[in-house]
Amino acid sequence: MEQATLARRTDDLRLNEEEIRLLAQIASGVTADVAARKLELSARTLRRRLRTICDRLEVNTPIEAVVWAARRQLI
């Protein structure tokens, strides 16, 4: 893989602070509804954002996204 392609792919996978907080809430074991309340989001918005994160990271579940973030010491 070319260096430029690799760099672009890495940049595409960066999570913003809000996404990291969202994954940290899920990692703490709370339900999506509780996490949504804590983050002042609707449950639907939280689920949609989780799906967006999963799609961008190319994982199938929010738990896989949490593992991805934990392995990179983001949470």
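Quick note: the coordinates plus some simple rules give every number you see, no bench work behind them. Predicted model, so just to flag it, every value in this text is computed and none were measured. Glycine gets a Cβ as well: all are built from the backbone with ideal geometry, and neighbour counts include every protein chain shown.
Remarks
- Taken along the Cα-to-beta-carbon direction at a fixed 7 Å, the label points for GLU40 and ARG56 span 2.1 nm.
- Of the GluC sites (Glu not before Pro) found in the stretch 24-75, the ones in coil according to DSSP and having at most 12 other Cβ atoms within 10 Å of their Cβ are GLU40, GLU58.
- Residue order, fewest to most beta carbons within 10 Å, for VAL66, VAL34: VAL34, VAL66
- With 0.36 nm allotted per residue and the present C-alpha distance subtracted, the ASP33-ARG72 stretch has 11.5 nm of extension available.
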